[in-house]
Amino acid sequence: MGDILEYIIGGSLIVLGLLVGRFPMLLSGYNTMQKEDRERIKATGFIRIVQYIFIWMGILIVLGTFVMKRLGLVSEIGILIFIVIIGGVIILSFMQYKYTKDLKLFNKGKSTSLFVIIFIIAIIAFIIYIAMPAKISADNESIKIEGVYGLTIPVKEITKAELLDELPDILFRNNGVSIRNLHKGYFKLKDIGNATLFIHADHKPFLIIYSQKSNPVILNRDTPEETLALYERLQY
């Protein structure tokens with residue numbers, strides 16, 4: 001599913017654009033407008049502009065995703081989608097003001113539109129925050145993982161640490177996030193059971209830490225050398 005999610009997002013925007021052109025009542029406030037205002041807004045070309053904006057947002061995401069995957073820039077695809085969506089929302093808001101400022105549609109809907117924009121930006125910002133790699137630090141007393149689902153593992157409670165070349169199959173996500181190859185939170189894994197993950201599946205190997213008072217923790221760093229260094233630190 002993760003391999004086609006970007007295409008689903010882009011395709012959905014294209015379909016939405018086509019539907020808006022065919023069914024203008026999908027626009028917020030259109031159904032509550034007076035008949036003469038509907039005719040005026042059609043005459044301005046605003047509906048066609050909204051249609052084109054959605055379609056081009058979808059095309060940019062689909063084509064951009066395809067090109068970036070071919071170039072090996074998979075981790076930057078989320079940034080592309082973020083820029084396209086935010087840019088599209090800003091352009092839509094400007095066009096709404098420009099073409100409907102004298103109509104009841106704008107007067108009634110400007111507060112709602114502002115709320116929707118803020119809501120969309122907040123969701124995207126939250127997703128980006130969750131997707132940020134966990135900050136991992138270690139000393140003689142503990143291993144500290146900061147960020148969403150962060151925890152501290154006292155060294156004296158660690159019973160075993162192992163390196164894994166392959167991640168066991170994820171059977172279930174109890175409470176966590178999976179964005180492409182990033183897995184963070186509480187999962188159930190084959191042959192291991194419940195575990196807390198802080199990993200990027202492309203950054204092998206994986207370090208699994210068993211402790212007395214918590215479920216196994218599986219993590220890795222940005223480079224194999226960093227993960228190996230953390231593992232070696234736990235051998236003393």
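The values are calculated or read from the model by the stated rules, or taken from the named source; none is laboratory data. Every value quoted in this text rests on a predicted model; they were computed, and no experiment measured them. Note that we place each Cβ from the backbone using ideal geometry, even for glycine, and neighbour counts take in every protein chain shown.
Considering only segment 193-209, state which residues are surrounded by fewer than 18 Cβ atoms within 10 Å (Cβ to Cβ) and hydrophobic (A, V, I, L, M, F, W, C).
Ala201
Only residues that are surrounded by fewer than 19 Cβ atoms within 10 Å (Cβ to Cβ) and without any contact (Cβ under 8 Å) to a residue 40 or more places away in the chain: list them for segment 177-188, please.
Gly185, Tyr186, Lys188
Could you say whether any residue in segment 153-168 is assigned to a strand (DSSP E or B), surrounded by 14 or more Cβ atoms within 10 Å (Cβ to Cβ) and under 26 Å from the mean Cα position of the chain (by Cα)?
No: segment 153-168 contains no residue that is assigned to a strand (DSSP E or B), surrounded by 14 or more Cβ atoms within 10 Å (Cβ to Cβ) and under 26 Å from the mean Cα position of the chain (by Cα).
Among the charged types (D, E, K, R), closer than 30 Å to Ile81 by Cβ, free of Cβ contacts under 8 Å to residues at least 12 places away in the same chain and assigned to a helix (DSSP H, G or I): does that describe Glu226?
Against the criterion (among the charged types (D, E, K, R), closer than 30 Å to Ile81 by Cβ, free of Cβ contacts under 8 Å to residues at least 12 places away in the same chain and assigned to a helix (DSSP H, G or I)), Glu226 qualifies.
Is one or more of the residues making up segment 195-210 farther than 27 Å from Ile8 by Cβ, in a strand (DSSP E or B) and among the polar types (S, T, N, Q)?
yes
Only one residue in Ile208, Ile170, Ile158, Ile192 is among the hydrophobic types (A, V, I, L, M, F, W, C) and within 19 Å of Ala134 (Cα to Cα), so which one is that?
Every option except Ile208 fails the conditions.
Here's a check for you: in segment 160-205, which residue that is under 17 Å from Lys144 (Cα atoms) and in contact with a helix residue (DSSP H, G or I) (Cβ under 8 Å, 6 or more places away or on another chain) is modelled with the lowest pLDDT?
Among them, the one singled out is Lys184.
Take segment 98-108 and flag every residue that is surrounded by fewer than 13 Cβ atoms within 10 Å (Cβ to Cβ), modelled with pLDDT under 75 and in a helix (DSSP H, G or I).
Asn107
Can you tell me which residue within segment 22-78, out of those that are more than 30 Å from the chain's Cα centre (by Cα) and among the acidic types (Asp, Glu), is modelled with the lowest pLDDT?
That would be Asp37.
How many residues are crowded, with 17+ Cβ neighbours inside 10 Å and farther than 15 Å from Phe187 by Cα when one looks only at segment 211-230?
Summing the residues that are crowded, with 17+ Cβ neighbours inside 10 Å and farther than 15 Å from Phe187 by Cα in segment 211-230 gives 5.
In segment 151-176, which residues are of a type in the set (Ser, Thr, Tyr) and touching a residue at least 24 places away in the same chain (Cβ under 8 Å)?
Within segment 151-176, Thr159 is the sole residue that qualifies.
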